[in-house]
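The values are calculated or read from the model by the stated rules, or taken from the named source; none is laboratory data. Nothing here was measured: the structure is a model prediction, and the numbers come from that model. Here the Cβ positions follow ideal geometry from the backbone for every residue, glycine too, while neighbour counts run over all protein chains shown.
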Amino acid sequence: MLNKLQQQPADALLALIKLFDADPRPDKIDLGVGVYRTATGATPVFACIKAAEQKLVDEQPTKAYLGPEGDMGFVHALIPHIFGGTDPSQGGRIDGMQTPGGTGAVRIAVAMAKKAGVTKVLMGTPSWPNHAQIMADTGVELVGFNHAAADGSADLPALRDALRAAGPNTAVLLHGCCHNPTGIDYTPAQWDEIVDLLAETGVLAIVDLAYQGLGLGMDEDAYGTRAVVARLPEALIAYSCDKNFGLYRDRVGAFYALTSDAAQTQAALSNGHALARANWSMPPDHGASAVRLALTDAALTQNWVDELASMRARIRQVREKLAASSNAGGVNLVPLGGQQGMFAMLPLNAAQIASLRADHAIYMAGSGRINIAGLTMGKIDKFVSALAAVSA
């Protein structure tokens, strides 16, 4: 039977990692892998996480099973940071469960939407590649619309048209902030219009909030998510701690459901637990426990907020220097200054991307997506000069 299986193509980004690692050139630049890097190119463990992990070593009494819902102390500790307000749980209308990373949360959201009757999901393109893979694997129809306008802003008319043409049994997947891969976010005014359209059309919102704190700030980055929660009767939210706590390999995420009342929220989550049981049974505990400890200790929470602010400032510094560059040949870097988060898309073709890798030791995804945080200030001039060389 197994001889019926066909060889699947290797993940392009993982292949790029191997190529970069094998490159002996000392001035090579990795803009492909989506991890935050400091001014020296490191991806360190957060100090608040180190301290929380030490508490776990010293105090954790057991590693017995938690159940498919995971660490609910972690899930609830995140709620005020995500949803804000005096009652972030909306009177019990919001509750959640732990998932293996934001990927697991998106998977639960799409699968739950399907169980609730959703047959198609609208999604702005380009998007994070795994979004489409999750849609395909869960068996819902994916309907794309254009996300980015030619001037580097969000193409709101395309979303507006998609929502109005959606029809029944439809959900829409929206990036909460720091859009991956474009860095193009909706403004608060645009979010307000989007929420009005969702209320008008009845399309179910699925919000993927994977980079809170890495754009404009914790509250600013949550504006769209909070607008959805404040004004709509129901929504599904996927959250990742992999980036804003630096817990990439620990796979720390959470899924939240907003429904019309507390009883219905618990009914929705019972379906989430069943879906989790059939997929991963129970999520890994260590990273979530560390986040819980960090968020229930005032000093560690402040440490986390300060570390995020430092990361955000460095990303902004790189964006502003790129946007101010005037010698990048045919590549306009000005829009990068008005975009948010770790990622941006450059209008490069396959030959240009190959030349950057072969001739200049600069590695990026074949789509033209770059990780802004992969650039140190000392390597920006080299990068800009290389763009000029390949786009002349």
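Tell me whether the stretch 58-80 contains one or more residues that are out of contact with any strand residue (DSSP E or B) (no Cβ under 7 Å at 6 or more places or on another chain), among the acidic types (Asp, Glu) and either without any contact (Cβ under 8 Å) to a residue 24 or more places away in the chain or in a loop (DSSP other than H, G, I, E, B) (or both). Yes, there is a match, as at least one residue in the stretch 58-80 is out of contact with any strand residue (DSSP E or B) (no Cβ under 7 Å at 6 or more places or on another chain), among the acidic types (Asp, Glu) and either without any contact (Cβ under 8 Å) to a residue 24 or more places away in the chain or in a loop (DSSP other than H, G, I, E, B) (or both). Quick one: would you say ASP30 is in contact with a helix residue (DSSP H, G or I) (Cβ under 6 Å, 6 or more places away or on another chain) and closer than 25 Å to THR259 by Cα? Spelling it out, it is not the case that ASP30 is in contact with a helix residue (DSSP H, G or I) (Cβ under 6 Å, 6 or more places away or on another chain) and closer than 25 Å to THR259 by Cα.
The set of residues in the stretch 241-277 that are closer than 22 Å to MET342 by Cα and part of a helix (DSSP H, G or I) comprises TYR248, ARG249, ASP250.
Per the conditions (1) assigned by TED's automatic domain parsing to the domain that holds THR86; (2) at pLDDT below 95, the sole criterion not satisfied by ALA324 is (1). No other residue among ASP196, ASP185, ASP208 is outside any loop (DSSP other than H, G, I, E, B), modelled with pLDDT of 95 or more, under 24 Å from ARG314 (Cα atoms) and of a type in the set (Asp, Glu) apart from ASP208. Looking across the stretch 235-249, just one residue is free of Cβ contacts under 8 Å to residues at least 40 places away in the same chain and either under 9 Å from ARG93 (Cα atoms) or buried (at least 22 other Cβ atoms within 10 Å of the Cβ) (or both), and that is ALA235.
Under the condition of being hydrophobic (A, V, I, L, M, F, W, C) and buried (at least 19 other Cβ atoms within 10 Å of the Cβ), the residues counted in the stretch 269-293 number 7. ARG357 passes every criterion in (1) out of contact with any strand residue (DSSP E or B) (no Cβ under 8 Å at 6 or more places or on another chain); (2) modelled with pLDDT of 95 or more apart from (1). Against the numbered list (1) outside any loop (DSSP other than H, G, I, E, B); (2) modelled with pLDDT under 95; (3) surrounded by fewer than 14 Cβ atoms within 10 Å (Cβ to Cβ); (4) not β-branched (Val, Ile, Thr), LEU16 comes up short only at (3).
Among the candidates HIS147, HIS179, HIS175, which residue alone is touching a residue at least 60 places away in the same chain (Cβ under 8 Å) and not β-branched (Val, Ile, Thr)? Let's see the steps before the verdict.
Working: HIS147 fails: touching a residue at least 60 places away in the same chain (Cβ under 8 Å); HIS175 fails: touching a residue at least 60 places away in the same chain (Cβ under 8 Å).
Of HIS147, HIS179, HIS175, the one residue that is touching a residue at least 60 places away in the same chain (Cβ under 8 Å) and not β-branched (Val, Ile, Thr) is HIS179.
Exactly one residue among TYR256, TYR211 is out of contact with any strand residue (DSSP E or B) (no Cβ under 6 Å at 6 or more places or on another chain), in the same structural domain as ASN180 (by TED's automatic domain parsing) and buried (at least 22 other Cβ atoms within 10 Å of the Cβ), and that residue is TYR211.
Listed conditions (1) free of Cβ contacts under 8 Å to residues at least 60 places away in the same chain; (2) within 19 Å of ILE134 (Cβ to Cβ) are all met by ALA227, apart from (2).
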